[in-house]
Amino acid sequence: MINDEFFDRFRLEKRTRKAVNHEERGGVLRAMDGCNYKAAAGGSLFNSLVTLTRLGYNPIGGNDLNIAMAGSVGSDPLEGFHKAKLHRANVNSSF
């Protein structure tokens, strides 16, 4: 169950963002296994890419923009989730 004890265990604060290393991320995901939670794509990078893509389809007096993301995506259960969200938003991530 994700409760205050869970947040304390991983030194997390609600409604904030925390950069974690590979081991910390794995620990959090393992602890969440079997829990009910909702994943949501977001953050400044994702939101900026989606906004630029939406603006690029009907630019005033210009060519369509091709918005792409180059980066690394983990090989865990959330990999497909994030790739699908980028694809649905028409952000090119096929590098």
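Computed extension gain for MET69 through LYS83, at 0.36 nm per residue and net of the alpha carbon distance, reaches 4.0 nm. Could you tell me how many degrees, from 0 to 90 and to the nearest 10, lie between the Cα long axis of helix 77-88 and the main elongation axis, the longest principal axis, of the Cα atoms of the chain? Approximately 20 degrees, to the nearest 10. Here the calculated FRET efficiency for GLU5 and LEU29, from their Cβ-Cβ distance with R0 = 25 Å, stands at 0.90, rounded to the nearest 0.05.
What the Cα convex hull of the chain gives, in volume per residue, is 117 Å³.
To the nearest 10 degrees, how steep is helix 22-32 against the longest Cα principal axis of the chain, on a 0 to 90 scale? Long axis of 22-32 versus the principal axis of the chain: about 70 degrees.
Values quoted throughout were computed directly from the atomic coordinates according to the rules given, and no laboratory measurement underlies them. Predicted model, so just to flag it, every value in this text is computed and none were measured. Virtual Cβ from ideal backbone geometry, glycine too; neighbours counted across all protein chains shown.
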